[in-house]
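Down below is the structure, laid out as structure tokens.
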Amino acid sequence: MPKLRWKDVMAASVMQEHGRSVRSLARDLGVAESSLRERLRRHREGIEDGRRRQSEACMPWDEIITTWIAEHIERPGRPSPVKFLYDLLVCEYGYAGSYKAVLRYVRRRTPLPRMRPHRRVEVRPGTQVQVDWFEVPVHVEELGGAIRLHAFVMALSFSRMWAVLWSVSRDMLSWIRCHNEAFERLGGIALSTRIDNLRTGVASGAGPWAVINEGYADYASQVGFIVDPARARTGSDKGKVERRGRDVKRMPILDGERFTTLAELQRVTDERIEALSGELLCPVTGLSIRESWERELPHLAPLPLSFPEPFDVQVSRTVERDCLVWFEGRQYETPARYAGRPVTVRGCAGEVRIYDRSGELLRAYPRGTACRILLDRTIDDFGGDDRIIAPTPLGRLGREIVLERSWEWDAPRRSIDSYHDLVRRLS
């Protein structure tokens with residue numbers, strides 16, 4: 001319940017003279033009717049609040065507090081927290097009062113701190129999306145009932161159109177997958193993406209000094225947007241997605257609602273966002289969010305023909321002379337023309353993908369196999385160039401007995417008759 005201030009009592013006194021009831025005034029002010037009646041009576045009778053004449057609880061320590069204020073509050077730079085003063089009084093001077101009493105005592109004797117206003121900005125259409133994770137309690141039967149799921153929220157800064165994707169985890173696979181699906185729902189790629197300083201996006205630092213996670217930087221380069229990290233612990237840098245994040249708990253999901261599968265939860269969320277976008281207004285255009293989004297769509301870059309495969313690990317490796325690269329305890333073959341050159345290896349969902357520096361996919365192999373050296377002879381190699389001599393070709397016998405894919409060694413064996421035919425042909 002809000003505190004009844006002196007100016008509230010004065011305003012209520014004037015309104016009462018004009019015929020307003022005390023009950024309606026108390027309801028408007030959000031205070032108890034009995035408290036307002038008592039304050040109005042004391043105001044009419046000129047009775048002063050006796051609490052003003054009472055001495056403060058911290059008065060016996062005035063000299064100590066005054067000295068501390070001069071040393072810690074009024075000095076240049078960032079002032080020390082009043083909690084330090086409270087601990088000093090309790091530990092060394094036997095103070096038994098409350099922390100709030102100390103805080104009030106200090107505030108009455110120090111000037112108000114300088115205010116730093118928040119500057120509101122609006123961006124041009126198609127220039128920015130803001131993304132963040134939010135944790136929401138949801139009931140999903142296939143996940144065991146009540147669970148706290150991660151909601152990935154992406155919001156266009158101009159039109160305020162947004163997308164929500166549900167995920168069990170916040171690893172790199174989920175991070176990239178949610179980006180792909182959110183861009184599809186928003187119908188295009190914005191120029192920049194404002195992110196928080198989570199590890200899947202930022203390797204170190206924050207804000208303008210952030211070092212972008214290598215895997216995420218490559219993903220952004222392939223899709224075609226600029227990564228723009230927010231400053232640390234500064235929610236106002238991504239206020240538009242923070243606003244949509246607060247709505248996740250009360251707009252797409254209703255209290256006590258239960259879902260059978262995660263897919264059902266996602267479908268219901270998409271339907272409700274579609275309906276809400278037609279009801280909520282965009283403060284820039286004055287139109288609904290959906291209408292504003294339709295006007296922003298031409299300013300977004302088109303979606304790629306195919307999004308990069310989600311991955312949770314990305315490393316740079318130099319191809320050895322035997323055309324192999326190491327990754328997760330296994331060796332993978334690359335084209336011979338890349339021997340001695342760096343390549344990018346990604347651990348995707350069920351696959352290991354090898355890319356050159358331009359982003360071209362060179363090879364893809366199954367991930368996590370029992371096979372420790374994965375060779376693929378089904379792809380024709382090159383015949384050499386100015387830097388690389390063509391590898392020694394296989395002979396007639398070698399072409400017959402070589403494993404085309406080394407991880408498929410358990411293929412059906414040849415019959416004894418086929419061996420005899422092979423020996424006769426090659427003799």
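Among the residues of region 212-229, what is the count of those that are modelled with pLDDT under 95 and in contact with a Lys or Arg (Cβ under 8 Å, 6 or more places away or on another chain)? Summing the residues that are modelled with pLDDT under 95 and in contact with a Lys or Arg (Cβ under 8 Å, 6 or more places away or on another chain) in region 212-229 gives 2.
Mind listing whichever residues of region 221-243 are aliphatic (A, V, I, L, M), buried (at least 16 other Cβ atoms within 10 Å of the Cβ) and within 15 Å of the chain's Cα centre (by Cα)?
Initial filter on region 221-243 (aliphatic (A, V, I, L, M)): 223, 226-227, 230, 232, 241.
From what's left, buried (at least 16 other Cβ atoms within 10 Å of the Cβ): 223, 227, 230, 241.
227, 230, 241, listed by residue number.
Restricted to region 84-107, and to residues there that are closer than 12 Å to residue 58 by Cα and of a type in the set (Lys, Arg), the residue that is surrounded by the most Cβ atoms within 10 Å (Cβ to Cβ) is 104. Residue 199 meets the conditions (1) part of a helix (DSSP H, G or I); (2) within 14 Å of the chain's Cα centre (by Cα); (3) within 15 Å of residue 312 (Cβ to Cβ) in every case but one. The failed one is (1). For region 265-282, enumerate the residues that are of a type outside the set (Val, Ile, Thr) and either in contact with a His (Cβ under 6 Å, 6 or more places away or on another chain) or in contact (Cβ under 8 Å) with a residue 24 or more places away in the chain (or both). Selection gives 265, 266, 270, 276, 277, 280, 282. The strands (runs of 3 or more DSSP E) found entirely in region 265-363 that carry 3 or more residues being of a type in the set (S, T, N, Q) are 311-318.
For the condition within 38 Å of the chain's Cα centre (by Cα) and either in the same structural domain as residue 316 (by TED's automatic domain parsing) or under 19 Å from residue 318 (Cα atoms) (or both), what is the one hit in 395, 347? When all the criteria are applied, what remains is 347. Looking at residue 73, is it over 30 Å from residue 283 (Cβ atoms), in contact (Cβ under 8 Å) with a residue 40 or more places away in the chain, outside the structural domain of residue 154 (by TED's automatic domain parsing) and not small (Gly, Ala, Ser)? For residue 73, the condition - over 30 Å from residue 283 (Cβ atoms), in contact (Cβ under 8 Å) with a residue 40 or more places away in the chain, outside the structural domain of residue 154 (by TED's automatic domain parsing) and not small (Gly, Ala, Ser) - is not met. The helices (runs of 4 or more DSSP H) located wholly in region 1-87 that include 1 or more residues which are at pLDDT 85 or above and closer than 17 Å to residue 103 by Cα occupy 62-68. Selection of first residues in region 307-326 that are under 18 Å from residue 215 (Cβ atoms) and at pLDDT below 90 and of second residues that are of a type in the set (D, E, K, R) and assigned to a loop (DSSP other than H, G, I, E, B), restricted to Cβ pairs under 7 Å at least 6 apart or on distinct chains, gives the following pairs, ordered by first then second residue: 312/171. The residue of region 127-149 that is surrounded by the most Cβ atoms within 10 Å (Cβ to Cβ), among those that are in contact with a Ser or Thr (Cβ under 7 Å, 6 or more places away or on another chain) and at pLDDT 95 or above, is 129. Within region 356-378, if we keep just the residues that are in contact (Cβ under 8 Å) with a residue 24 or more places away in the chain and closer than 25 Å to residue 174 by Cα, the residue that is nearest to the chain's Cα centre (by Cα) turns out to be 359. Of 124, 170, which residue is modelled with pLDDT under 95, surrounded by fewer than 22 Cβ atoms within 10 Å (Cβ to Cβ), of a type in the set (D, E, K, R) and touching a His at 6+ places or on another chain (Cβ under 8 Å)? 170 is the lone residue from the list that is modelled with pLDDT under 95, surrounded by fewer than 22 Cβ atoms within 10 Å (Cβ to Cβ), of a type in the set (D, E, K, R) and touching a His at 6+ places or on another chain (Cβ under 8 Å).
Filter region 388-427 for residues that are under 29 Å from residue 351 (Cβ atoms) and basic (Lys, Arg); which is modelled with the highest pLDDT? Within region 388-427, the match that is modelled with the highest pLDDT is 405. On the stretch given as region 103-154, residues that are in a strand (DSSP E or B) and either within 23 Å of residue 226 (Cα to Cα) or in the same structural domain as residue 72 (by TED's automatic domain parsing) (or both) total 11.
Checked against (1) closer than 16 Å to residue 132 by Cα; (2) of a type outside the set (Lys, Arg); (3) surrounded by fewer than 17 Cβ atoms within 10 Å (Cβ to Cβ), residue 248 meets all criteria but (3).
Quick check: anything in region 210-220 outside the structural domain of residue 344 (by TED's automatic domain parsing) and farther than 25 Å from residue 356 by Cα?
Within region 210-220, one or more residues are outside the structural domain of residue 344 (by TED's automatic domain parsing) and farther than 25 Å from residue 356 by Cα.
The values are calculated or read from the model by the stated rules, or taken from the named source; none is laboratory data. Only a predicted model underlies this, so the values are computations on that prediction, with no experimental measurement involved. Don't worry about glycine lacking a Cβ; one is built from the backbone with ideal geometry, like all the others, and counts go over all protein chains shown.
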